[in-house]
1. With respect to Gly98, determine if the residue is assigned to a helix (DSSP H, G or I), at pLDDT below 95 and over 17 Å from Ser7 (Cα atoms).
2. Just to be sure I understand, how many residues within region 17-52 are within 18 Å of Phe145 (Cβ to Cβ) and small (Gly, Ala, Ser)?
3. Of all residues in region 56-110 being polar (S, T, N, Q) and closer than 19 Å to Pro26 by Cα, which is surrounded by the fewest Cβ atoms within 10 Å (Cβ to Cβ)?
4. Which members of region 14-46 meet the condition of being outside any loop (DSSP other than H, G, I, E, B) and either on the phi > 0 side of the Ramachandran plot or modelled with pLDDT under 95 (or both)?
5. State which residue pairs qualify: first residue over 19 Å from Ile105 (Cα atoms) and inside region 48-65, second residue in a helix (DSSP H, G or I) and β-branched (Val, Ile, Thr) in any location, beta carbons under 7 Å apart, and separation of 6 or more residues or different chains.
Amino acid sequence: MQFGTSSLDFSIQAYQEGVNPPVTKPNPEFLTDIGEEGMRALLDRFYEGLFESPIKHIFPESKEDMLIAAGHSADFFIQICGGPKHFNKNRGAPQMRGRHAPFHITPDARLHWLVTFEEALQPIIKEKKTSEVNIQSFWNYLNVFSQWMINAKD
């Protein structure tokens, strides 16, 4: 893995109402390199950040419930990255748009969600747990996937 000058691009694609861009799954090597435990740690950090974020009202109110949600999300991301189908086994087919429908998710909420995810990714970057290509692939997935979850206007 070469990490000299970073080539990571954490820019956020502009949301266009009514446009659902094609989603490309992350490189499976992202999961291979960080492992299931690394993915779970990533999602724990992410949900800890969400608990303190401006969009915390969208998420469970207790830290205990947030950790449960983080576990469900970790199962999803492990599966989407080519790992075991923990999510399907424990929760059924992902159908993420439907699962998120009850929540008021605006373009602004998406921005906060992505910024919080970028912060959660920092230890993986700093500790060089995987290549920048794999991190970029994961980020690109998040960038597009998050557009699909928007269901309300700011």
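1. Yes, satisfied.
2. 2
3. Looking at the filtered set, the residue picked out is Gln95.
4. Within region 14-46, Gly35 is the sole residue that qualifies.
5. none
The values are calculated or read from the model by the stated rules, or taken from the named source; none is laboratory data. Note that the coordinates shown come from a computational prediction; the quantities given were computed from them, not determined experimentally. Neighbour counts are summed over all protein chains in view; Cβ atoms, including those assigned to glycine, are modelled from backbone coordinates with ideal geometry.
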